[in-house]
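To keep things clear, I will list the structure first and then write my remarks on it.
Since every read-out is calculated from the coordinates, none of them should be taken as a lab result. Since the model is a prediction, treat every value here as computed from it, not as a measurement. Here Cβ is always computed from backbone atoms with ideal geometry, including for glycine, and neighbour counts include all displayed protein chains.
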Amino acid sequence: MIQFRAAALTDIGRVRRRNEDRLIYNEKLNLFGVADGVGGLPGGAEAAELVLLKVSHALANSPNQHPDLTQIVQDANLAVYELGRKLSPGTGIGSTLTIGQIRERNLLIGHVGDSRCYTLRGGHLSALTSDHSVENEIRDRRARGEDVYFHESNRHALTRCMGQPGTVEVDVITHAIQARDRYLFCTDGVSGLVNDEELADLMARDEDPETVLRDIITQAIRHGGNDNATGVLVYIDSVA
């Protein structure tokens, strides 16, 4: 049995007029995650809210220890796409999704977009997810020997999001949990403004998760707060 503590917080930031981030912390389902409405499109908040609703409902009704998370996320993508056809027929709506559920001794992660899941283990911070951005896609293609370029202004543009037409490609990660692990699910309003060294120092502090998470969000706002800042912080106390 895994014992954990967690906290979930969001802040509108200093620039945005509306908070289009959404989060989930469901202690009964051992479920954590964030979704970030895609900027530049209408209905971002509605997209983020719907994707978390659909995924959490599906996981709540998946007693199997090995749910088909790919299919669950793809079904949620279709629901967001259909809502986009009603709310914004010309452009659609979109959201990121980074969600994790503790099943047995693993953290099962589903990921689309550029929100992130970090882990701090033994004082070392690492990202369990990879951003689905133009910059990362070009880097991967260059590693395969392709001669491709991108405009600097498109560096952070998304290559995948929830709500896109067709079948979305989902990153599914199964990560073995250890006692004293710490996990942070966050939107790019946090990861884009708080660097890895700062995150590692903050997450390693010997304080309760709500206090630490509040300081992480505050740090993002202090560094400019040019986006909504949202996170869910999980402490693994014991694994039996």
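Contact annotation: residue pairs with Cβ atoms under 8 Å, 6 or more positions apart or on different chains, pairing a residue in the stretch 37-52 that is more than 12 Å from Ile24 (Cα to Cα) with a partner that is of a type in the set (Asp, Glu), are Gly37/Glu20; Gly37/Asp21; Gly37/Glu46; Gly39/Glu20; Gly39/Asp227; Gly44/Glu20; Gly44/Asp36; Ala45/Glu20.
So that you can scan it fast, the table gives a plain yes or no per residue for (1) buried (at least 17 other Cβ atoms within 10 Å of the Cβ); (2) of a type in the set (D, E, K, R); (3) not in a helix (DSSP H, G or I):
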site	(1), (2), (3)
Phe4	yes, no, yes
Ala8	yes, no, yes
Arg17	no, yes, yes
Gly33	yes, no, yes
Asp36	yes, yes, yes
Ala48	yes, no, no
Glu82	no, yes, no
Thr119	yes, no, yes
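The residue that is nearest to Ser115 (Cα to Cα), among those in the stretch 219-240 that are outside any strand (DSSP E or B) and touching a strand residue (DSSP E or B) at 6+ places or on another chain (Cβ under 8 Å), is Asn228. Every listed requirement among (1) surrounded by fewer than 23 Cβ atoms within 10 Å (Cβ to Cβ); (2) in contact with a Ser or Thr (Cβ under 8 Å, 6 or more places away or on another chain); (3) not in a helix (DSSP H, G or I); (4) not aliphatic (A, V, I, L, M) is met by Gln74 save one, (3). Looking only at the stretch 85-102, residues that are crowded, with 20+ Cβ neighbours inside 10 Å and part of a strand (DSSP E or B) come to 6 in all. Report whether or not Gly192 is free of Cβ contacts under 8 Å to residues at least 40 places away in the same chain, under 15 Å from the mean Cα position of the chain (by Cα) and crowded, with 16+ Cβ neighbours inside 10 Å. Yes; evaluated as a whole, the condition is true for this residue.
The residues of the stretch 211-240 that are touching a residue at least 40 places away in the same chain (Cβ under 8 Å), farther than 20 Å from Arg5 by Cα and surrounded by fewer than 16 Cβ atoms within 10 Å (Cβ to Cβ), listed by number, are Gly224, Asn226.
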